[in-house]
Amino acid sequence: MIGVFGGTFDPVHIGHLRLATEVAETLELSRVHLVPAAIPPHRGEPLLDPATRLDLVAQSIADEPRFVLDDREHRRAGPSYTADTLAEFAAEYPGEPLVLMMGMDAFNGLPGWHEVERILDLAHIAVATRPGSEATGTAARWLAERQVVPGALAESPVGRIVPVAITRLDISATTLRGFIEQGRSLRYLVPEPVVRHFRRG
């Protein structure tokens, strides 16, 4: 199974990388494609330009053989819709199950994503959970209908949802951007290449 972990990564931080690591370990994924969004449809203009975000993700995962920087959304015109990205993966890796990785906040917002039913027809979803986080609304209904345990994920080709408990790390890119504006240190919150980038800047 292949993990697909998208996001703006503005900037990439330790919380992103621990989520990807712990979900990959729990689900025994063969690899994880980190897919920085070029034009994120659900938020404003990123702080960092596309080339910088790609470069910082590449440097941050350089020593993790299971992680792959995937720039497909930067090579594709228009908004970075997850449905389109998963369709590309499905065409490139026929017969290999895809696992879309996300946190609980993103999962609760998933019903409002572009062509969400297409997403559910193309991949499984792994939802990283922490104490106190819970699914709400339509997302909670989907979880009740589609939830499986990690070991059963491979029994269906698509459309299952598996919660994965991960280490609680309350790090957000929004908070980090505030630190950057204030000139505060990012050390121990982000990978060292990100620290060096803003130290130079």
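The values are calculated or read from the model by the stated rules, or taken from the named source; none is laboratory data. These numbers come from a predicted model, not from an experiment. A quick note on method: Cβ atoms are made from the backbone with ideal geometry, for glycine too, and the neighbour counts reach across all protein chains shown. Side chains included, ligands, DNA and RNA excluded: accessible areas come from the protein's heavy atoms. Shrake-Rupley method; radii C 1.70, N 1.55, O 1.52, S 1.80 Å.
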- request: Could you compute the FRET efficiency for TYR188 and THR138, with r as their C-beta to C-beta distance and R0 at 35 Å, rounded to 0.05?
  value: 0.40
message: I want to check the label-to-label distance for ASP55 and TRP113. Put each point 7 Å from Cα in the C-beta direction and report it in nm to one decimal.
response: 2.9 nm
- prompt: Based solely on its DSSP helices, what 222 nm [θ] is calculated for the chain when runs of n ≥ 4 H residues each add -39,500 (n - 2.57) and the sum is averaged over all residues, nearest 500 deg cm²/dmol?
  reply: -11000 deg cm²/dmol
task: State, as an integer percentage, the relative contact order of the chain based on alpha-carbon contacts under 8 Å between residues 6 or more apart.
output: 26 percent
query: What does the highest-first list of 119-125, 93-99 look like by mean Cβ count within 10 Å?
result: 119-125, 93-99
task: Just check segment 121-165 against the gyration tensor rule for me: Cα atoms, a ≥ b ≥ c as the square roots of the eigenvalues, rounded for a/c under 1.5, and otherwise prolate or oblate depending on whether a/b exceeds b/c.
output: oblate
- request: Roll a 1.4 Å probe over the protein chains and send me the accessible area per residue for the chain in Å².
  value: 48 Å²
message: Accessible area of the chain with a 1.4 Å probe: how many percent of it is carbon plus sulfur?
response: 50 percent
Summed residue charge, Cβ within 13 Å of VAL158's Cβ, Lys/Arg positive, Asp/Glu negative: -1
Rounded, prolate or oblate (a/c below 1.5 giving rounded, otherwise prolate when a/b exceeds b/c) for segment 20-63 by Cα gyration tensor: oblate
message: Which of the three applies to segment 9-134, rounded, prolate or oblate, going by the alpha-carbon gyration tensor with a ≥ b ≥ c and a/c under 1.5 meaning rounded?
response: rounded
- prompt: Taking amide hydrogens as modeled 1.01 Å from N in the peptide plane, which residues meet the under 5 Å criterion relative to LEU100, leaving out close sequence neighbours?
  reply: VAL4, HIS124, ILE125, ALA126
message: Going by Cα centres, segment 35-75 and segment 86-144 are how many Å apart?
response: 20 Å
